[in-house]
Amino acid sequence: MRELLQFSEHSETQTSTGSVQKVWVQTYTCRGMIKRTSPVFDKDGVAAREEYQGINQYFIIRMTTSINEKMRISHNGYVYEIVLIEPNYSDRTLLIQTRRVNE
């Protein structure tokens with residue numbers, strides 16, 4: 001697991017003037033890996049389309065209870081929102097399906 005993943009959680013803080021400021025605060029950092037997807041071939045062996053799309057990404061990390069679906073992941077300058085967390089109990093990992101956020 002070579003990739004450094006930073007997990008952020010949505011937080012509201014009150015400024016000195018009394019206004020409420022909503023920010024993403026980094027709460028957890030861990031190592032993980034990117035699950036690579038492969039092209040899909042039709043019956044003739046021609047690459048009909050590719051499973052990987054630029055906005056969707058799959059990460060694999062070690063199993064932990066420190067993350068949830070309301071968090072975001074920062075990796076290589078991109079921010080991803082978590083769509084699904086799927087545990088794999090046989091090797092104690094989590095498969096995290098994400099979607100890139102346009103900000």
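The values are calculated or read from the model by the stated rules, or taken from the named source; none is laboratory data. Just so it is clear, the model here is predicted, and its values are computed rather than measured. Heads up, the Cβs are rebuilt from the backbone with ideal geometry, glycines too, and the neighbour counts pull from every protein chain shown.
Taking the residues in region 11-58 that are at pLDDT 85 or above, assigned to a loop (DSSP other than H, G, I, E, B) and in contact with a strand residue (DSSP E or B) (Cβ under 6 Å, 6 or more places away or on another chain) as candidates, determine which candidate is nearest to Lys70 (Cα to Cα).
By that ranking, first place goes to Lys35.
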Members of region 63-84 found to be surrounded by fewer than 16 Cβ atoms within 10 Å (Cβ to Cβ) and touching a strand residue (DSSP E or B) at 6+ places or on another chain (Cβ under 6 Å), listed by number: Met63, Ser66, Glu69, Tyr78, Glu81, Val83, Leu84
Whichever residue in region 67-103 is among the β-branched types (Val, Ile, Thr) and part of a strand (DSSP E or B) and, among such residues, is nearest to Lys35 (Cα to Cα): Ile96
